[in-house]
1. Output the qualifying pairs, or none if there are none: Cβ atoms under 6 angstrom, residues six or more apart or on different chains, first residue in the stretch 56-70 and under 18 Å from Ser42 (Cβ atoms), second residue modelled with pLDDT of 95 or more and not aromatic (Phe, Trp, Tyr).
2. Find the residue count for the stretch 223-275, including only residues that are in contact (Cβ under 8 Å) with a residue 60 or more places away in the chain, more than 16 Å from the chain's Cα centre (by Cα) and over 13 Å from Phe298 (Cα atoms).
3. Going by the conditions given, is Ser107 assigned to a helix (DSSP H, G or I), out of contact with any His (no Cβ under 6 Å at 6 or more places or on another chain) and modelled with pLDDT under 95?
4. May I ask you to say which residue of Asp165, Asp215, Asp202, Asp191 is buried (at least 22 other Cβ atoms within 10 Å of the Cβ) and charged (D, E, K, R)?
5. For the structure I just gave you, tell me whether Phe272 is closer than 23 Å to Ser163 by Cβ, at pLDDT 95 or above and not aliphatic (A, V, I, L, M).
6. I want to confirm something. Restricting to the stretch 174-203 and keeping residues that are out of contact with any Phe, Trp or Tyr (no Cβ under 7 Å at 6 or more places or on another chain) and among the acidic types (Asp, Glu), which single residue is farthest from Val152 (Cα to Cα)?
7. Filter the stretch 1-48 for residues that are in a loop (DSSP other than H, G, I, E, B) and among the hydroxyl-bearing types (Ser, Thr, Tyr); which is nearest to the chain's Cα centre (by Cα)?
8. Give the residues of the stretch 110-121 that are under 17 Å from Ile9 (Cα atoms) and not in a loop (DSSP other than H, G, I, E, B), sorted by residue number.
Amino acid sequence: MAFITFGEIMLRLVPTGHADRLRTTSLFAVDYAGSESNVAVSLACLGNKVEFISKFPDNPIGQAARQSLERFTVSTKKSIEGGSRMGTYFIELGSSIRPSRVVYDRSGSAISAIGEREFDWDNILKEQKWLHVSGITPALSEQCAEECVKAVKTARNMGVKVSFDLNYRRSLWENSEKAKLIFNRILEHTDLVFGNIGVLKDVYGLVFNGNNPTDQTLDALRKARHLFGVNQLAFTIRDHSSASVNRLGGASVSEDEPILSNAYTITITDRFGTGDAFAAGFLHALNQGWHPQKSIDFATAAFALKHTMIGDIHTSTEQEINAIKEGNISGHVIR
């Protein structure tokens, strides 16, 4: 096994009409997704061995969620069962000048009430290369926050590398200061940080030099590297024209100055899960031992390509992502 991801997978409900609103729809499309499970699926589709760790309710919904991962060869064997319900979220997809909207119903979910010794991290992390966590799961409860810290501490002690996505969801935290305290505890044991300028502004109150998102991101990488004491960071870049059209890029830093990826102007089908596609692409590249420029170009191509797909998960193959990376973006039919 190469990768472990830890977090909550949820029931995703979206109005079946692309422009339908939550308050008026009468029909929802059902799927299962969550930041860390999205990363797991993307990594598996790229040919990696992946285990997703969570707590699933022992009912047909929990079983369906597990099956949704296993169909992509993501193992859930070391996950546990218990609790009474699965977290749910409702998405209203934006269009043009109307933004997307998310409504969470996660209180009391199975994973939010995990017990102190329910996960045996020494056993879970044995013979693994990477543990991936995000800033979402620690927001669910104090138990989840402590479990995330315990997981990354154990990983560091066992020589397993840790990647941490600074996902910040305002509606899940009491305030940004509480998020910062937990994030900092996780960052103490982190080898690779994913993020963007937005989370550094919202949680850490940083301001950046530059007149555009690209220049601001380059400045953010330098400042975050110093602030967090983490050598390797990879950030997405997003320049909003509207809810339907964005210009996308990526940047990373390890030992030298930050490097930029190719950029893409995208007409958006569904932007949810795109940061997870970026993280999975970058982790895959690192696992392959690719050059830093190739790695950030691949991750950004995955990030851009996911915007063209309905649903949270990104199922593109390495070949499909490489085609985008190499400039095959005409959209011509492949026969």
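1. That search, which allows pairs on different chains as well, returns Ala65/Ile9; Arg66/Thr76; Leu69/Thr76.
2. So the answer is 4.
3. So Ser107 fails the test.
4. Asp165
5. It is false that Phe272 is closer than 23 Å to Ser163 by Cβ, at pLDDT 95 or above and not aliphatic (A, V, I, L, M).
6. Glu174
7. Only one residue tops the list, namely Thr16.
8. Within the stretch 110-121, Ala110, Ile111, Ser112, Ala113 meet the criteria.
The values are calculated or read from the model by the stated rules, or taken from the named source; none is laboratory data. None of these values were measured; they are calculated from a predicted model. Reconstructed Cβ throughout: ideal geometry from the backbone, glycine too, with neighbour counts over all protein chains shown.
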